[in-house]
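First comes the structure, then the notes that go with it.
The values are calculated or read from the model by the stated rules, or taken from the named source; none is laboratory data. Quick caveat: nothing in here was measured; it's all calculated off a predicted structure. Note that each Cβ is placed from the backbone with ideal geometry, even for glycine, and that neighbours are counted across all protein chains shown.
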Amino acid sequence: MRGIDAVAACLGDLGGLRLSANAALRPLNSFGIEARAHWLIEAHEPGALCTALARIDQEGWPLVLLGGGSNVLILDDLPLVLRPRLQGIAFAAPSAGQRQVRVAAGESWHGFVGASLQAGAYGLENLALIPGDCGAAPIQNIGAYGVELEQFVVAVEVYDRQRGEQVLLSHAECQFRYRDSVFKHEPDRYVVLALHLGLACEPHLKLDYAGIGEELRARGVGTPSAQDVHDAVVAIRRRKLPDPAQIGNAGSFFKNPIVPRATAEALRAVDPQLPVYPVDASMAKLAAGYLIESCGWKGHREGDAGVHAAHALVLVNHGQASGRDILALAQRIQDSVATRYGITLEMEAKALTSPQSGLG
């Protein structure tokens, strides 16, 4: 194995890659955490990306993957960072009421949602303004306002680092669950190259979730189109969630807990205001933001690490907080909620650390 300083010699002959030494990562993460990468590799072509991954794995270099940087918390300087910047959106002709589309991993998710509506492909409008790249969407199994990505996934193109080849994973092989997937359970194995989605040729609007109907009525929209729903979701999200350009954050920092219905009802018997949302006959979803706020964390600040004053689910960087400052605050919030409610909050944001340093 050669040292990490040999990256340029190992990968410099590959077209479609951009190599940067001692690269600043602050512009590449929405938390605005100050950190650097010894080497940053940006891949613009799938062939070059896969070849680079094969060589990196052959050398045994510690690698961190970084997409749009909107759902990560960087804890340390990193030795080697790879960003897939693959571009391209291709819609197939309509067939049997469905419009299939292939979207490359480096495309902006929000931009892709808008492009789908313009192409007459519907279903993603409730997922508007979710930050990040399309390649991160299946990893997180993103969802919002009653819609989950997994409803539309046909397959996911990946580079399988274990097998050393490109693979097309079926919907079943992706093992989707709430904010979960096989990509989270085998985080170092798969690198997403593209998504294959099946969208509807006619809109089937979902209006009965989290204020969408109220927003449409406030806009005077009586018979909404998919674009109207898209615009309403954008307006709601902009009111609720702070702009990372104004204050560093990664959106919702914790997952909404899924618990047995009996547990949810027992908690609500003690706290009648506790929001509980049915998931199925046996499970229910709790509002993590409510749990955090009820424990007194909303608007709390420790140095430059804090909880947003308008949304307790959002942790923020007021300027110079480190990733570990944010993580320490998150862990205190988890302890507080566990003590009061007996519920363990799970981080939605992914902590990125040097593979050699651990999380201690």
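Taking region 1-17 as the range and being without any contact (Cβ under 8 Å) to a residue 40 or more places away in the chain and surrounded by fewer than 16 Cβ atoms within 10 Å (Cβ to Cβ) as the test, the residues that pass are Gly3, Asp5, Ala8, Ala9, Gly12, Asp13, Gly15.
Results for (1) modelled with pLDDT of 95 or more; (2) within 24 Å of Ala93 (Cα to Cα), shown as yes or no for each residue.
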| site | (1), (2) |
| --- | --- |
| Tyr145 | no, no |
| Val154 | yes, yes |
| Ser170 | yes, yes |
| Asp231 | yes, no |
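In region 304-328, the residues that are at negative phi form Cβ pairs under 6 Å with partners that are among the charged types (D, E, K, R) and modelled with pLDDT under 95, at six or more places apart or across chains, as follows: His311/Lys240.
Might you check whether a residue that is over 21 Å from the mean Cα position of the chain (by Cα) and among the aromatic types (Phe, Trp, Tyr) occurs anywhere in region 27-42? Looking for residues that are over 21 Å from the mean Cα position of the chain (by Cα) and among the aromatic types (Phe, Trp, Tyr), one finds at least one in region 27-42, hence yes.
Can you find a residue in region 281-300 that is of a type in the set (Gly, Ala, Ser), within 17 Å of Ser30 (Cβ to Cβ), in contact with a Ser or Thr (Cβ under 9 Å, 6 or more places away or on another chain) and crowded, with 20+ Cβ neighbours inside 10 Å? Within region 281-300 (the criterion being of a type in the set (Gly, Ala, Ser), within 17 Å of Ser30 (Cβ to Cβ), in contact with a Ser or Thr (Cβ under 9 Å, 6 or more places away or on another chain) and crowded, with 20+ Cβ neighbours inside 10 Å), the answer is no, since none of the residues qualifies. Residue-level analysis places Leu327 outside the set of residues that are assigned to a strand (DSSP E or B) and either outside the structural domain of Phe31 (by TED's automatic domain parsing) or over 18 Å from the mean Cα position of the chain (by Cα) (or both). Kindly evaluate Gly251 against the criterion of being modelled with pLDDT under 95, more than 17 Å from the chain's Cα centre (by Cα) and over 30 Å from Gly164 (Cα atoms). Spelling it out, it is not the case that Gly251 is modelled with pLDDT under 95, more than 17 Å from the chain's Cα centre (by Cα) and over 30 Å from Gly164 (Cα atoms). Residue check: Leu65 meets all listed conditions (1) assigned by TED's automatic domain parsing to the domain that holds Gln162; (2) touching a residue at least 24 places away in the same chain (Cβ under 8 Å) but one, namely (1). Identification of helices (runs of 4 or more DSSP H) wholly contained in region 166-272 with 2 or more residues that are closer than 27 Å to Arg340 by Cβ yields 261-270. Out of all the residues in region 196-209, is one or more surrounded by 15 or more Cβ atoms within 10 Å (Cβ to Cβ) and under 30 Å from Leu63 (Cα atoms)? Yes, there is a match, as at least one residue in region 196-209 is surrounded by 15 or more Cβ atoms within 10 Å (Cβ to Cβ) and under 30 Å from Leu63 (Cα atoms). Cβ-Cβ contacts under 8 Å between residues 6 or more apart (or on different chains), taken from a first residue in region 208-223 that is on the phi > 0 side of the Ramachandran plot to a second residue that is modelled with pLDDT under 95 and surrounded by 12 or more Cβ atoms within 10 Å (Cβ to Cβ), are listed as Ala210/Tyr145; Ala210/Gly146; Ala210/Ile236; Gly211/Ile236.
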